[in-house]
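These notes are about the structure you will find just below.
The values are calculated or read from the model by the stated rules, or taken from the named source; none is laboratory data. Note that the coordinates shown come from a computational prediction; the quantities given were computed from them, not determined experimentally. Here the Cβ positions follow ideal geometry from the backbone for every residue, glycine too, while neighbour counts run over all protein chains shown.
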Amino acid sequence: MSRPSARTLVAVAIVVLLVAGACERSRSGQRPPASSAGGPSAVGAPGAAARRGSTWNDTVAGPDLFVAGANPTEAVDVMPRFSDSSITDAPPLDTVLAGHPQVDLFTRSGKVGAATLSTQAEGNFSGSCTTWPTAHVATPGGPPPDWSVAFVAGHATALPMDSVATLNSQDSARRAADVARVASSLPNDTAAAFRGLPFTLHDAHLFTLPSGDSVIAAEVVRRLNEEANPQEEHLFILMVRDTAPSLGSTSRGYLAAYFERTSGPEDDVETDEVLAGVMLGRSARGLPTVILARDYGDGNSYTFIQRTSARQWRARWSSAYVGC
């Protein structure tokens, strides 16, 4: 991850001053099969079965998810129908790539291009370490642009996101304050060691749904700086703007629609990164979806967080874990 800019540090300072509360999804940060999202169902946080046992929908999302590899010319082929329990049955090559599929490339800022994929390297699903197959990314007119995720053409349209790092100081401070207020109000703070510690803001990406509703995807961290065993708590929140202000108030603040937490040793706690936001599906009524990359130190997985109603988002699909 890149070093935070001066504007990000302004936002961090605001969060440090304003936040003293927290919420918790405790987990060690190692291999994820037994993980669970935290928080009550009232804000859309599911249990472990929902996070890791859901079914991929080809009609909506297409046959595969592709994520950027070591460089923009390499795509990691995440074969979505294989779970943690069935990944050893996955073939080393994906038949989808034999058809040289056309894909749309996305980043957090939106759609950045289109490309054709072809087989590059086999996956490995046996032994102590596993890897997905990879594909070569070819674009007309030159090398491909930087990208994060790709879907077979026609299955996704962009939900462009900004970043708090790109805002002026006043707007970044306002967004940081919104995140601080929501984070400090979340229930079920079960990590006693982190209570009372300030949050720092990693980023807060705002995007707008076709309905006009504003959503913020925020990532914040709390740290316990014990010399022998430093600990971290990571909190991911999806916040939606309240369209029904309370009586006597004209303010339309943000409410938590989904949140989850991880905590553990600094060196191996799970970290989440927002890769992109898209509307999934070929129909006019697509599914608003945030794609998360989950890094466990020795491996990773990917998750779709999708909107299910006006103030509800849920984790609807998670890939198998690959790594060591």
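Brief remarks follow.
- Selected residue (criterion: farthest from the chain's Cα centre (by Cα)) from residues of region 74-89 that are surrounded by fewer than 16 Cβ atoms within 10 Å (Cβ to Cβ) and among the hydroxyl-bearing types (Ser, Thr, Tyr): THR88
- Region 285-317, subset of a type in the set (Val, Ile, Thr) and buried (at least 20 other Cβ atoms within 10 Å of the Cβ), residue farthest from VAL103 (Cα to Cα): ILE305
- Some residue of region 38-61 being modelled with pLDDT under 50 and touching a Leu at 6+ places or on another chain (Cβ under 7 Å): yes
- Leading residue by the ranking (surrounded by the fewest Cβ atoms within 10 Å (Cβ to Cβ)) among those in region 90-146 that are assigned to a helix (DSSP H, G or I) and of a type in the set (A, V, I, L, M): ALA98
- Residues located in region 285-324, provided they are under 13 Å from the mean Cα position of the chain (by Cα) and part of a loop (DSSP other than H, G, I, E, B): SER319
The rows are residues; the columns are (1) in a loop (DSSP other than H, G, I, E, B); (2) modelled with pLDDT of 95 or more; (3) crowded, with 23+ Cβ neighbours inside 10 Å.
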residue: SER249; (1), (2), (3): yes, no, no
residue: LEU255; (1), (2), (3): no, no, no
residue: ARG261; (1), (2), (3): no, no, yes
residue: ASP267; (1), (2), (3): yes, no, no
residue: GLY277; (1), (2), (3): no, yes, yes
residue: SER283; (1), (2), (3): yes, no, no
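- Residue match in region 195-213 (condition: among the small types (Gly, Ala, Ser), in contact with a Phe, Trp or Tyr (Cβ under 7 Å, 6 or more places away or on another chain), buried (at least 17 other Cβ atoms within 10 Å of the Cβ) and more than 28 Å from SER283 (Cα to Cα)): no
- Restricting attention to region 180-196 and to residues that are modelled with pLDDT under 75 and aliphatic (A, V, I, L, M), the residue that is nearest to ALA217 (Cα to Cα) turns out to be ALA191.
- Residues in region 214-243 that are among the small types (Gly, Ala, Ser) and either within 15 Å of SER309 (Cα to Cα) or surrounded by 14 or more Cβ atoms within 10 Å (Cβ to Cβ) (or both): SER214, ALA217, ALA218.
Listed here are the residues, each with its yes/no results for (1) among the polar types (S, T, N, Q); (2) over 19 Å from the mean Cα position of the chain (by Cα); (3) not assigned by TED's automatic domain parsing to the domain that holds GLY69.
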{"residue": "LEU167", "(1), (2), (3)": "no, yes, yes"}
{"residue": "SER172", "(1), (2), (3)": "yes, yes, yes"}
{"residue": "PHE194", "(1), (2), (3)": "no, yes, yes"}
{"residue": "HIS202", "(1), (2), (3)": "no, no, yes"}
{"residue": "LEU206", "(1), (2), (3)": "no, no, yes"}
{"residue": "ARG222", "(1), (2), (3)": "no, no, yes"}
{"residue": "GLU227", "(1), (2), (3)": "no, yes, yes"}
{"residue": "PRO230", "(1), (2), (3)": "no, yes, yes"}
